[in-house]
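Some notes on the structure that comes next.
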Amino acid sequence: MPIDAKISMQVDKEFSVLQNGFIAAIVSPPEKYFNVNMAITKYFSNKRKMAGVYITMNKPYNTISRALEDNKIDTKKIFFVDAISGVIGVEKSENENCVTLRSPSALTELGIVISKVCSAKHPRFLMMDSLSTMLVYNNQHSTIKFIHYVTTQLRKCSWPGIIFSLEKDMQGNLFDSITQFCDKVIRMQ
C-alpha cells in the first residue's frame, strides 16, 4: 500500500524541526497506523539517509520488510528485531539483518538485543512498533520501566527514537508516564 501524501507531509513537517537525538511518541488512529509507520520509516531512511533499528511487535519481519521495499525504503540499512514471529508461529528469519525473539513479553531479551545491535550496527534511529502490542503481552508497570530503559539508552547515544502507539492506548497514567521520557508527542491526523 503506497504511503498517503498527507501523512508524509505531516511527518516531514513534524520531524524536520526536531534536533538530533530527540525521542518522539507517535500517537495514531488505528486506521492510519500502517501508513504512518511506513511514512516515518521512509522519512528517516530515505530523506535523512539514516540507518536504524526497527523493533516489530505487530507483524513478522517478512511482512514489514516487504512493505518497506514496496514503498522504496532500503531495508539493507535497517536492522530488524522481530518480537512477534515466535508467538504467531511464523518461521524465524535468520539473516544478518534480523533477529527473532521468543515474544513481545521477552523484555529482558529485547533490552539485551537492543544494546548489542546498537553497539554493533551503529544505528542512527530506533523505531519501536508498538507500545500498544507491548501492553498486550506485558503489564503497564513493566512496559513503562522498559520504555524508560530504552529512552535512557537512546539518550546516551544521541539517537532519535520513535515509540509508536495507537490513540486508545495513550490515556491516563500510561500516557503521562511514557510522555515524560519523550521530547515530543506527535498526534497523527
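To keep it simple, each residue is scored yes or no on (1) in contact with a Phe, Trp or Tyr (Cβ under 8 Å, 6 or more places away or on another chain); (2) within 18 Å of MET188 (Cβ to Cβ); (3) modelled with pLDDT under 95; (4) of a type outside the set (Asp, Glu).
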residue	(1), (2), (3), (4)
GLN19	no, no, yes, yes
SER28	yes, yes, yes, yes
GLU31	no, yes, yes, no
ASN71	no, yes, yes, yes
SER85	yes, no, yes, yes
CYS98	yes, no, yes, yes
ILE112	no, no, yes, yes
(Q) Among (1) surrounded by 13 or more Cβ atoms within 10 Å (Cβ to Cβ); (2) farther than 27 Å from PRO30 by Cα; (3) of a type in the set (Asp, Glu), there is one condition ASP129 misses while meeting the rest; what is its number? (A) (2)
Q. Can you tell me which residues in segment 127-152 are in a helix (DSSP H, G or I) and out of contact with any helix residue (DSSP H, G or I) (no Cβ under 7 Å at 6 or more places or on another chain)?
A. THR133, VAL136, TYR137, HIS141, LYS145, HIS148, THR151, THR152
Q) Considering only helices (runs of 4 or more DSSP H) fully contained in segment 1-92, which possess at least 3 residues that are of a type in the set (A, V, I, L, M, F, W, C)? A) 5-16, 33-42, 61-70
Q. Only one of (1) within 20 Å of SER65 (Cβ to Cβ); (2) surrounded by fewer than 17 Cβ atoms within 10 Å (Cβ to Cβ); (3) in contact with a Phe, Trp or Tyr (Cβ under 7 Å, 6 or more places away or on another chain) is not met by ASN37, so which one is it?
A. (2)
Q: Looking only at segment 96-104, decide whether some residue is over 25 Å from GLU167 (Cβ atoms), among the small types (Gly, Ala, Ser) and either surrounded by fewer than 21 Cβ atoms within 10 Å (Cβ to Cβ) or more than 13 Å from the chain's Cα centre (by Cα) (or both).
A: no
Q: Please tell me if ARG155 is surrounded by 14 or more Cβ atoms within 10 Å (Cβ to Cβ), in a loop (DSSP other than H, G, I, E, B) and in contact (Cβ under 8 Å) with a residue 12 or more places away in the chain.
A: no
**Q.** Which numbered condition ASN139 misses (of (1) polar (S, T, N, Q); (2) surrounded by fewer than 19 Cβ atoms within 10 Å (Cβ to Cβ); (3) in contact (Cβ under 8 Å) with a residue 12 or more places away in the chain)
**A.** (3)
Q: Would you check if there is a residue in segment 136-146 being among the aliphatic types (A, V, I, L, M), at pLDDT 95 or above, closer than 26 Å to LYS184 by Cα and in contact with a Leu (Cβ under 9 Å, 6 or more places away or on another chain)?
A: no
Q) Taking segment 158-174 only, how many residues are assigned to a loop (DSSP other than H, G, I, E, B) and surrounded by 19 or more Cβ atoms within 10 Å (Cβ to Cβ)? A) 3
(Q) Here is a check on your reading of the model: is ARG124 surrounded by fewer than 17 Cβ atoms within 10 Å (Cβ to Cβ) and either of a type outside the set (Ser, Thr, Tyr) or in a loop (DSSP other than H, G, I, E, B) (or both)? (A) no
Q. Within segment 50-89, restricting attention to residues that are without any contact (Cβ under 8 Å) to a residue 40 or more places away in the chain and among the aromatic types (Phe, Trp, Tyr), which residue is nearest to ARG124 (Cα to Cα)?
A. PHE80
Q.
Looking at SER103, SER177 in this structure, which one is under 29 Å from LYS76 (Cα atoms) and either out of contact with any strand residue (DSSP E or B) (no Cβ under 9 Å at 6 or more places or on another chain) or assigned to a loop (DSSP other than H, G, I, E, B) (or both)?
A. SER103
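The values are calculated or read from the model by the stated rules, or taken from the named source; none is laboratory data. Note that this is a predicted model, so its numbers are computed, not measured. Glycine gets a Cβ as well: all are built from the backbone with ideal geometry, and neighbour counts include every protein chain shown.
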